[in-house]
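A.B. asks: Below is one structure. I have some questions about it.
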Amino acid sequence: MSDATANTSTQDQEAQFGDYVALLKPRVMSLVVFTAFVGLMVAPVGVPAVVGFAAILFIALGGGASGALNMWYDADIDRVMKRTQSRPIPSGKVAPGEALSLGLWLSALSVAMLGLAANWFAAGFLAFTIFFYAVIYTMWLKRWTPQNIVIGGAAGAFPPMIGWAVATGGVAIESVLMFALIFMWTPPHFWALALFMKSDYDKAHVPMLTVTHGRPYTRRMILIYTALLVPVALGLGLTSIGGPLYMAAALVLNALFVRGAWRVWRRDEDAARADAYGAERRLFRFSLLYLFLHFGALLAQSGLRTLDMGGW
Amino acid sequence: MPITETHEIHQRRFGRNLGVALCLLGFVGLVFFLTISKLRNGGTLEGFDHAVRPSLTVEDTE
């Protein structure tokens, strides 16, 4: 921005530091930080604390950069949808070019710094994740197929694999299953939200399963994906990072999740409207707890293993 | 105009500039501690820089 344009900006349109932070989608970043941290901590090889801290920071920054690129590309649909109208670009606080520039520079910085701080395998993985979210999901899948959530969910599932790669420099069955856990969890989580959120995705021409295939079909898909999620969650408990504590937690959490998905599947729209989508809301809220407690249990199991008090 | 005079834009952008300054400071600190950590853990202290150094040459075993 030139001085001339800067001087003509009005007070309320001036972008503050927080607006640039908002471009990085801090709420999504918190999931990235937590899962990448668990991936790093449960790995069989340790890293110095500073390296671990820097690695998590740069993974989060990479995730934030892809968020900025997403907001730059999706500015047109963000302007249409009520939920996203207050984002920095549609509200006019940040220029689209600034968001693009921030996204590209932070992507390059985060990948280069992760490579220097940890290893280049993890850095390559982060670069692929940014590419996957910004290009494959945002530019291609999101506006094209109602399966956008399913395949795009991979972008959010990579962080624990990157955390693992930071420590080990590679991929293992454990890290693949941590990826699969988030990957299979994403569809029921988002579709439960789509069932009770009055969204204007159709106005923005974004194909959502509830609109393209109907609500009964979405309910069936929630149950199917939940059923597919169970063996992944339990299978993770049989690997070297699992143990009795994780397994006990996974058994309870999966039983509750299947029960919630079953209840959502059994209902029709009339029943759902009658109690203001109570079952759908409960399933969505529980899905957040489900993921947090699974990764929390992995972390606790890893702590117990360090103390020689757990593990297979 | 003396350079010490504060323009309105300085006040308007104070928060933004402060945020950037703190981020840069944090980044410098992080790189410093990363370097210390890598050196303590036996990271490479010297690499090839176009000058022959005995410590980097392969020992002649014959």
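The values are calculated or read from the model by the stated rules, or taken from the named source; none is laboratory data. Just so we're clear, the structure is a prediction, and the values are computed from it rather than from any experiment. Methodologically, a virtual Cβ is constructed for each residue, glycine included, from the backbone with ideal geometry; neighbour enumeration extends over all protein chains shown. Ligands, DNA and RNA are excluded from the accessible area calculation, which covers all protein heavy atoms including side chains. Shrake-Rupley method; radii C 1.70, N 1.55, O 1.52, S 1.80 Å.
A.B. asks: Any residue in the range A:24-44 that is closer than 22 Å to A:I241 by Cα and more than 21 Å from the chain's Cα centre (by Cα)?
C.D. replies: Filtering the range A:24-44 down to residues closer than 22 Å to A:I241 by Cα leaves A:31-44.
Add one more test, that the residue is more than 21 Å from the chain's Cα centre (by Cα), and what stays is A:44.
Yes, the conditions are met somewhere in the range A:24-44.
A.B. asks: Quickly run through the range B:8-26 and pick out the residues that are at pLDDT below 90, more than 9 Å from chain A (Cβ to nearest Cβ) and open to solvent by less than 100 Å² (accessible area, probe 1.4 Å).
C.D. replies: Within the range B:8-26, B:H10 is the sole residue that qualifies.
A.B. asks: Considering only the range A:188-221, state which residues are assigned to a loop (DSSP other than H, G, I, E, B) and not charged (D, E, K, R). Please lay out each step first, then the result.
C.D. replies: From the range A:188-221, those assigned to a loop (DSSP other than H, G, I, E, B) are A:197-208, A:213-214; that's our starting set.
Of everything in the range A:188-221, those that are assigned to a loop (DSSP other than H, G, I, E, B) and not charged (D, E, K, R) turn out to be A:M197, A:S199, A:Y201, A:A204, A:H205, A:V206, A:P207, A:M208, A:H213, A:G214.
A.B. asks: Would you check which residues across the range A:40-68 are β-branched (V, I, T) and within 21 Å of B:K38 (Cβ to Cβ) and list them?
C.D. replies: A:V45, A:V47, A:V50, A:V51, A:I56, A:I59
A.B. asks: Also, quick follow-up: State whether the residues of the range A:280-302 include one that is open to solvent by less than 40 Å² (accessible area, probe 1.4 Å), without any contact (Cβ under 8 Å) to a residue 24 or more places away in the chain and farther than 18 Å from A:A180 by Cα.
C.D. replies: The answer is no; no qualifying residue exists.
A.B. asks: Any residue that is within 21 Å of the chain's Cα centre (by Cα), in the same structural domain as A:L283 (by TED's automatic domain parsing) and open to solvent by less than 30 Å² (accessible area, probe 1.4 Å) - is there at least one of those in the range A:237-246? Working first, answer last.
C.D. replies: Taking the range A:237-246 first, the residues within 21 Å of the chain's Cα centre (by Cα) are none.
Within the range A:237-246, not a single residue is within 21 Å of the chain's Cα centre (by Cα), in the same structural domain as A:L283 (by TED's automatic domain parsing) and open to solvent by less than 30 Å² (accessible area, probe 1.4 Å).
A.B. asks: Same structure, new question: Yes or no: the range A:74-88 includes at least one residue that is open to solvent by less than 30 Å² (accessible area, probe 1.4 Å), in contact with a Leu (Cβ under 6 Å, 6 or more places away or on another chain) and outside the structural domain of A:T186 (by TED's automatic domain parsing). Write out each step before concluding.
C.D. replies: Pass one, the range A:74-88, residues open to solvent by less than 30 Å² (accessible area, probe 1.4 Å): A:74-75, A:77-78, A:81, A:84, A:88.
From what is left, the residues that are in contact with a Leu (Cβ under 6 Å, 6 or more places away or on another chain) are A:88.
The next check asks that each one be outside the structural domain of A:T186 (by TED's automatic domain parsing); those that pass are A:88.
Scanning the range A:74-88, I find at least one residue that is open to solvent by less than 30 Å² (accessible area, probe 1.4 Å), in contact with a Leu (Cβ under 6 Å, 6 or more places away or on another chain) and outside the structural domain of A:T186 (by TED's automatic domain parsing), so the answer is yes.
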